[in-house]
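First up is the structure itself, then whatever we jot down about it.
The values are calculated or read from the model by the stated rules, or taken from the named source; none is laboratory data. This one's a predicted model, so the numbers in the text were calculated from it and none came from an experiment. All Cβ positions, even for glycine, are placed from backbone atoms using ideal geometry, and neighbour counts span all protein chains on display. The accessibility values were calculated without ligands, DNA or RNA, using every heavy atom of the protein model including side chains. Shrake-Rupley method; radii C 1.70, N 1.55, O 1.52, S 1.80 Å.
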Amino acid sequence: MELETILSTLFNRSDNFENQQDSQSNFTMPAPNWWIQPTKCEIEALECARQGKRWGAGAEANLGDHICALDSCYSAAFDSTWSALQGHWNQALNLVNRIPGDTIILLIGDSTMGQQLRALNCMMEEAAGPGSHIVSTVIQVGLENFNDTINKLDEARASVFRKICIPGMCYLHWNSVLGYRLVTFIWSAKGLYAHGETAVKDMIIQSSEARGPYVDRFHLNVVVGQGAWINCNSEGCGDWHINLRRFQNWWRNAKRDNSISNATLIIRDALPQHFATPDGRYTSDEKKSQCEAIKDRVTSGKQAIKIRSDENCSLAGPIVQEDWSVGLRRLPVWGLAVGQAHLHSNRPVTDCTHYCLPTYTLWNIMLVHIIIDQTTSLKEANKNGGLFASLLISMSTEEARLDLLAANADICR
């Protein structure tokens, strides 16, 4: 399938899968070995098996980040997305295998970020192929294996990985060609603050300092999720925008005074909601309703106001202001996700906030490209699957821009 056709399919807002409720009855449950098409993700199979032998809300509540619903697409939506990606799947895996050794990827956010972490692990597991090895602090029987593995590493890796893994869940990926790559996650469900009010910037400082004298060896990629819970429309958004601007300014200053070095900050867009309300926002009455497509750019843009400056009616860019000179990047998921109401999780009930695996996989293709961008030229980054990722980024960015323009024109007329 031609690349232009694939991208057109992924960004098509008019295809709302009207028969998705009917297709739910035809959904095939995954085999016991946790087959997530097209990824055989064994590390997650162990965790789901540990939490419960049957699917249900209880197992997902125990997990806290809905990993057992990762493959819970309606079959029509699932088949459509993967059929579009099928021809470029090997290229996406090649892209993942270009993540340099001794790279650390730290994700900070809510349950949607936790799902993105799991999906990234699935891609990395399949991409590494036979002879690869994964150990994790998450699997109940895996902590001993994780510590055993850490203890066998050289002094630098053992010191850095052990310290970084203390506050969160960790996955250590290895094979003989790629070396070691560490993926870790810290829970933070309140914007820039975690439960207990630990500031995200303090989490980043702690992870950066954990590298100690080996800071130049281990590149730290921090991915911060803005969540989906601040549902601003035309009314004010409290101090949320101010906090996010201050957070970006803190990062710029930290990089310029070299208190944080060899690190990249990637801020993921706030996520669209697809509840059956006029503007797609959550209400307690609509939680179990069918997820509705948001087709009108004005409506979409008003919800997307979470990712732009709303201090006045002058045209403004996204509130995440990229600055490559200090390693500040934006993961532009809004423009892609806003048209994917059909790719939300449907188990144990229809969930219009969390997504199933194809959506997170698309986000991770963009994320990996941004990570590779930091260490290579654009020409090199666009090789081996990078062009597809680059086009995803540019098209998603443009979709969000058009939404914001439409909202501005409506609010400020």
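Using a simple spin-label model with points 7 Å from Cα along the Cα→Cβ vector, what separation in nm is obtained for Glu155 and Glu380?
Going from the Glu155 label point to the Glu380 one covers 3.0 nm.
Given H placed 1.01 Å from N in the peptide plane, which residues other than close sequence neighbours of Val224 have an amide H under 5 Å from its amide H?
Those lying under 5 Å, H to H, from Val224 are Ile108, Ile266, Ile267, Arg268.
Search the structure for amide H atoms under 5 Å from the amide H of Met169, placed 1.01 Å from N in the peptide plane, and list their residues when 5 or more places away or on another chain.
The answer is Phe185.
Amide H to amide H, which residues 5 or more places from Ser345 or on other chains are under 5 Å from it, using H placed in the peptide plane?
Correct list: Asp351, His354, Tyr355, Cys356.
For a Förster distance of 30 Å, can you work out the FRET efficiency between the beta-carbons of Ile166 and Arg13, rounded to the nearest 0.05?
So, using R0 = 30 Å, E works out to roughly 0.10.
Report in % the part of the accessible area of segment 128-189 that belongs to carbon and sulfur, leaving out ligands and nucleic acids; probe 1.4 Å.
Using a 1.4 Å probe with all protein chains present, segment 128-189 comes out at 54 percent carbon and sulfur.
Tell me, in nm to one decimal, what length is gained between Asn147 and Asn249 on full extension, where the rule is 0.36 nm per residue of separation less the Cα-Cα distance?
Length gained, Asn147 through Asn249: 33.0 nm.
How many Å³ per residue does the convex hull of the Cα positions in segment 79-154 occupy?
Spread over its residues, the Cα hull of segment 79-154 gives 142 Å³ apiece.
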